[in-house]
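Beneath this line is the structure, given in structure tokens, with notes to follow.
The values are calculated or read from the model by the stated rules, or taken from the named source; none is laboratory data. As the structure is a prediction and not an experimental result, all values here were calculated from the model. Cβ placement follows ideal geometry from the backbone for every residue including glycine, while neighbour counts extend to all protein chains displayed.
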Amino acid sequence: MKTRALEKYTVRDVLEYRGHPQLQHTVDECDTVEDALELMYAHDVVSLPVLGGSNSDDQAFVDIVSVYDLRDYITNSQVRLRLCYYVHVSE
């Protein structure tokens, strides 16, 4: 969809308007899916920057993970089979 009114604006315009907030909520690439989901729920966000590195002082941006990425991973992978097994065995 292309709207003439939006053609002249850039993403940089949005970032400058919004300001440059600090990354308050991030996950480490070694955190669990559960950790990420809990953080997203607690802070009412749908995505988190993922940081990685050898130590906590030297972490670099790796990627962004969204609740939709986590949903797709859970529903389309072996995680789903293990979760179903765990629920069944636990009952």
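Hand me the list of helices (runs of 4 or more DSSP H) wholly inside the chain holding 1 or more residues that are at pLDDT below 90 and exposed (fewer than 10 other Cβ atoms within 10 Å of the Cβ). I'd like the intermediate steps shown before the answer.
Details: elements: 4-7, 11-18, 33-43, 67-75, 78-90.
Ranges flagged: 4-7, 11-18, 78-90.
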Of all residues in region 56-77, how many are β-branched (V, I, T) and either at positive phi or touching a Pro at 6+ places or on another chain (Cβ under 9 Å) (or both)?
3
